[in-house]
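Note sheet for the following structure.
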Amino acid sequence: MTLRDFHRTSAFVIVAFAAMHIANHLASLKGVSTHIAFMEIARTVYRHWAIESILLFCVAFQVASGLWFVIRGWSQRKGLIPWLQAGSGAYLAFFLLVHVGAVLFGRAVLQLDTNFYYAAAGLHVPPNQLFFAPYYFLAVTALFTHLGCAAYWQLQTASDSTRAFVVGGAIVAGGVIALLIVLSLAGKLQPVKIPANYKATYAKQDG
Ligand code: HEM
């Protein structure tokens, strides 16, 4: 197996988690309590020590191998799709490092339940929304874009217009889902009241 085969295999694990994770965030459109109830059931699976260990190992491997591909192919890369794939992959590497680091920090150091409120708090303490709105929006859009590019290479025998439609469709679908999740976290689609202990993690930074 080549490094690229391992990258693809590890992607299946992350995508299986991410599909459930994004569905979990979309559940917040029905209310924060629906999101939390969904997460409590899902955690019984992904927080099992064996499953979480595999997931976190795959995340670390995906980030390292992905960054290696971005750097190694830098000078030979030509055309829109290779650059979209590399750009979305590089952003996902940045996002996954910061995101998973923040979740583990929230659990181990801040002793918080890293639920909806942990993700949403930054969007409710100005000016942190200037970072968190694009940060989350780009994460979901980059994931869909990256998968759209992977599908593009798989569809070798399809027409150019079909392949372009798959990539374009993935970007648009990712953008719409990302927007819904960010608006929901920001409390623009349903009422959101962030508990004081979650907001306090940002207040402390302000001094
Ligand atoms: C708007 C976008 C996102 C938000 C608001 C968000 C929020 C969260 C939250 C709150 C947790 C903690 C879950 C828990 O405590 O059970 C978490 C964990 C995690 N997220 Fe995300 N996430 C987003 C997108 C993504 C994406 C796109 C990926 C992957 C490509 C991802 C990968 C992960 C991983 C690997 C974990 C760690 C799971 C664990 O071991 O507990 N997230 N996220």
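The values are calculated or read from the model by the stated rules, or taken from the named source; none is laboratory data. All figures in this text were calculated on a predicted structure; none of them were measured in a lab. Cβ sites come from the backbone with ideal geometry, for glycine too, and all protein chains shown count toward neighbours. Note: accessible area is taken over every heavy atom of the protein model, side chains too, but ligands, DNA and RNA are not part of it. Shrake-Rupley method; radii C 1.70, N 1.55, O 1.52, S 1.80 Å.
Tabulated results
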read-out: Gln190 vs. criteria in a loop (DSSP other than H, G, I, E, B) and either open to solvent by less than 30 Å² (accessible area, probe 1.4 Å) or within 15 Å of the ligand (Cβ to nearest atom) (or both); value: yes
read-out: Hey, Tyr117 within 13 Å of the ligand (Cβ to nearest atom), in contact (Cβ under 8 Å) with a residue 60 or more places away in the chain and open to solvent by 30 Å² or more (accessible area, probe 1.4 Å) or not; value: yes
read-out: Residue satisfying all of: in the stretch 53-78; of a type in the set (A, V, I, L, M) and in contact (Cβ under 8 Å) with a residue 40 or more places away in the chain; farthest from Gly89 (Cα to Cα) among these; value: Ile54
read-out: Search result, residues across the stretch 48-84 that are within 22 Å of Val167 (Cβ to Cβ), away from the ligand (no atom under 15 Å from the Cβ) and not aliphatic (A, V, I, L, M); value: Phe69, Gly73, Trp74, Gln76, Arg77, Lys78, Gly79, Pro82, Trp83
read-out: Neighbours by Cβ (under 6 Å, 6+ apart or cross-chain): first from the stretch 97-114, within 11 Å of the ligand (Cβ to nearest atom); second in a helix (DSSP H, G or I) and open to solvent by less than 60 Å² (accessible area, probe 1.4 Å); value: Leu97/Val63; Val100/Val59; Gly106/Tyr118; Leu112/Gly106; Leu112/Tyr118; Thr114/Val103; Thr114/Gly106
read-out: Meets criteria (free of Cβ contacts under 8 Å to residues at least 40 places away in the same chain, closer than 25 Å to Gly89 by Cα, among the hydroxyl-bearing types (Ser, Thr, Tyr) and part of a loop (DSSP other than H, G, I, E, B)) for Thr162; value: no
read-out: Restricting the stretch 5-14 to residues that are surrounded by 14 or more Cβ atoms within 10 Å (Cβ to Cβ) and of a type in the set (A, V, I, L, M, F, W, C), the residue that is nearest to Phe95 (Cα to Cα); value: Ile14
read-out: Ala90 vs. criteria under 16 Å from the mean Cα position of the chain (by Cα), open to solvent by less than 20 Å² (accessible area, probe 1.4 Å), within 16 Å of the ligand (Cβ to nearest atom) and of a type outside the set (Val, Ile, Thr); value: no
read-out: Subset of the stretch 20-47 that is open to solvent by 60 Å² or more (accessible area, probe 1.4 Å) and near the ligand (Cβ under 10 Å from one of its atoms) - its residue that is farthest from Ile194 (Cα to Cα); value: Arg47
